[in-house]
Amino acid sequence: MNNHDRQWLARASHRLLRPLVRIMLAQGIAHRDFDAIVRAVYAEVARESFTPAGKRATDSHVAVVTGLTRKEVKRLREQSDSHYDAGTWGGANRATRVLSGWHRDPDFTDDEGAPRPLVLDDDIEGFTALVRRYSGDIPVMAILDELERVHSVARDAEGRVQVLNRAYVPGTGDSERIRMLGSAGHDLLSTLEHNLSSGEDKKPRFQRTVFNMRVNKRVLPVFHRLISQQAQQLLETLDDWLERHEVDEKDHDTACTRAGVGIYYFEDKGETTDDDQPE
């Protein structure tokens, strides 16, 4: 990489780290703690992805690649217990799977295809049957408690469980949102990293953004509603397609992988106009 590209990469890194550092500071994570995280990740990635083919990953090689000392690399290797597991990070949340199944499985929808209210203890065609089908071994009441906590479902006067929201969206400050930070951020950056390193033997992954530098602030609430409605419809369509092509958990012969798409709204602190100035 030439010096010009290094400067652009430094600028890009500075920009992408700003929201992450704001989150870190808001959660009480000081610079020294973040520095320790970065050192550990440098060592892990160098060991996993930058070891020459056919060679064993050694502390010396990791030290050369990362600039860390061999002593530091050895210490990080010995204390590491946070190996990235795609099946855990970013895997389909069990609550999300239950909501998705409720919306598309004909056993749990009405004649118009809408999720119908379900009797809680019915293990044939009720909520218990739904959870057992889509949540694996997670207890029924644990799923119900979580969905009620985030206001995705509620119980009516007859005690039936009914859907309030197809999306599983934890509240502000919820630890599940912090998990989502690692998952969504990883996925977007992994796509960008793939596209940066794409050669003739690699097909770039789809990644597009639309924006305008001078959007009237007064229309932003309307734009946000438009995004929320249309993006949700698109995501539900894609979710249904992925479900139709999902490999059964008992099928150990068919090759499968994790794949998906993310859509996000963004807004910066833009310039103010005369109309925006306080009177």
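Miscellaneous remarks
- Using alpha-carbon coordinates, inclination of helix 175-196 to the longest axis of the chain, degrees: 60
- Vicinal HN-Hα couplings computed from phi for segment 142-151 (Karplus, 6.51 cos²θ - 1.76 cosθ + 1.60; Hz; Gly/Pro x): 5, 5, 4, 4, 5, 5, 5, 4, 9, 6
- Sorted by Cβ density within 10 Å, fewest first, the residues M1, M24, M141: M1, M141, M24
- Inverse of mean 1/r across different Cα pairs in the chain, Kirkwood, Å: 23.0
- Crossing angle, helix 94-104 versus the chain [Cα axis fit, 0-90 degrees, rounded to tens]: 50
- Local net charge near A46, Cβ-Cβ under 14 Å (Lys/Arg +1, Asp/Glu -1): +3
- Label-point separation in nm, F223 to Q7, each point 7 Å along Cα→Cβ: 3.1
- Candidates H194, H224, H14: whichever shows maximal mean-square fluctuation once the chain is modelled as a Gaussian network with Cα springs under 10 Å: H14
- Between amide H atoms placed 1.01 Å from N, distances below 5 Å from T109 occur with R116, all of them 5 or more places distant or on a separate chain.
- Rounded if a/c under 1.5, otherwise prolate or oblate - segment 94-163, Cα gyration tensor axes: rounded
- √(5λ) per eigenvalue of the Cα gyration tensor, segment 208-273, largest first, Å: 38, 13, 7
- Less than 5 angstrom separates the built amide H of T58 from none of the residues sequence-distant by 5 or more or on a different chain.
- Signed unit charges on C-beta, dipole axis of the chain, positive-most listed residue V41, L20, I138: V41
- Charged-residue dipole, Cβ positions (Lys, Arg, Asp, Glu), the chain about Cα centre, Debye nearest 20: 1780
- 0 to 90° range, to nearest 10: angle between helix 3-26 axis and the chain longest Cα axis: 50
- Pair L181, R18: separation of 7 Å Cα→Cβ label points (nm): 1.7
Every number here is computed from the coordinates shown, using simple stated rules; none is lab data. As the structure is a prediction and not an experimental result, all values here were calculated from the model. Here the Cβ is made from the backbone with ideal geometry for all residues, glycine too, and neighbour counts use every protein chain on show.
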